[in-house]
Amino acid sequence: MFASPIAPLQDRFGRAIRYLRLSVTDRCDLRCNYCLPKGFNGYEEPANWLSFDEMTRLVGIFAQAGVSRVRLTGGEPLLRHNLPELAARLSALPGVEDLSLSTNATQLVKHAAALKAAGVKRINVSLDSLDKGCINTITGRDSFDAIMAGIMAGKAAGFDPIKLNMVAMRGVNEHEIKRMVAFCLENDFILRLIEAMPMGSTGRNAQYLDLNPVREQLVAEFGLIPEVAELGGGPARYWQTCDGSGRVGFITPISQHFCATCNRVRLAVDGTLYMCLGQEEKFEFAPLLRGGASDAELLAALKSAIELKPERHEFKEQPGKIIRFMSQTGG
């Protein structure tokens, strides 16, 4: 590895890249109807997955280049065997200051304590409804009880904060938003409301809901005020209760995009680095990792790859542009 710090990653638009979302598998045990279609089987072959050694080596180079935040994603990352082992290796890397996890929580009861011990600091859990029937319809299986048990196991393990991600969809779960806010305030969770993105046929079929009017309603209902502090380095804009005890985040890639401050890239399980969810620019690291490339060569490749990062997505202008599904990119 490098003997001294190197210049931090910066794209051609002057944005510092400090956040890597690392997909450890494209498999998932749910079929959320805005993410994966029923019957989908176009998964990457396990032989093409990066090994833990390869992931650790590459993340180490990202960290040396100034990337301090790493999030484990999928698919459902807890389907990757021995994930706490990888988490421990990544959390020990110099420069990695914040290791977090995105999960659907169905497997979290089994792994929460081990992940916390391995150095995972925070978790984000997908929870689109508090209604069992609605959740089971969205996810394509009887998943509600497992998800709720996983969330509470995460709380018992000491993860703080726990953020619940709710994709808000017109005519599907929009009537539950206020109930979800109240639930999160009561349990010391942070709710993040997310606009559906047109990724793949499933994303384009989701019932998009503009969150700006929703935010105005919640501000009035719960007395929310803008949050000044940055929480987690991601794209959410946060509002808090007047006493500072609760927070609600809004992720608005369609109605109010945040591309000018985008600080993240996504590494898929096969070693493909995607520069933007809504564009096709990418770079393949697997051939270098498996072809004997030195650390210096990997660093040079990383710097070149970051130059490919586009200025912004075009979800609104070209909603049919991205045909890959979210799980193939990494959440």
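The values are calculated or read from the model by the stated rules, or taken from the named source; none is laboratory data. Being a predicted model, the structure only gives us computed values, none of them experimental. Neighbour counts are summed over all protein chains in view; Cβ atoms, including those assigned to glycine, are modelled from backbone coordinates with ideal geometry. Areas reflect the complete protein model, heavy atoms only, side chains present, ligands, DNA and RNA absent. Shrake-Rupley method; radii C 1.70, N 1.55, O 1.52, S 1.80 Å.
Quick check on the stretch 48-63. Is at least one of its residues assigned to a loop (DSSP other than H, G, I, E, B), in contact (Cβ under 8 Å) with a residue 40 or more places away in the chain and more than 17 Å from the chain's Cα centre (by Cα)? Yes, the stretch 48-63 has at least one match.
Among the residues of the stretch 64-77, write down those that are part of a strand (DSSP E or B) and not β-branched (Val, Ile, Thr).
Quick first cut of the stretch 64-77, residues part of a strand (DSSP E or B) only: 69-73.
Residues satisfying the conditions are Arg69, Arg71, Leu72.
Please determine whether any residue of the stretch 237-256 is open to solvent by 30 Å² or more (accessible area, probe 1.4 Å) and modelled with pLDDT under 90. Yes, the stretch 237-256 contains a residue that is open to solvent by 30 Å² or more (accessible area, probe 1.4 Å) and modelled with pLDDT under 90. Within the stretch 30-44, the set of residues being open to solvent by less than 40 Å² (accessible area, probe 1.4 Å) and modelled with pLDDT of 85 or more comprises Leu30, Cys32. For first residues located in the stretch 281-306 and open to solvent by 60 Å² or more (accessible area, probe 1.4 Å), partners that are among the β-branched types (Val, Ile, Thr) and lie 6+ apart or on another chain with Cβ distances below 6 Å form the pairs Lys282/Thr272; Glu284/Thr272.
Only one of the numbered conditions (1) over 21 Å from Gly291 (Cβ atoms); (2) exposed (fewer than 15 other Cβ atoms within 10 Å of the Cβ); (3) of a type in the set (Gly, Ala, Ser) is not met by Ala47, and that is (1). The residue pairs whose first member lies in the stretch 17-39 and is over 30 Å from Ala65 (Cβ atoms), whose second member is open to solvent by less than 30 Å² (accessible area, probe 1.4 Å) and aromatic (Phe, Trp, Tyr), and whose beta carbons are closer than 9 Å, counting only pairs six or more residues apart or on different chains, are Cys35/Phe325; Leu36/Phe325; Pro37/Phe325.
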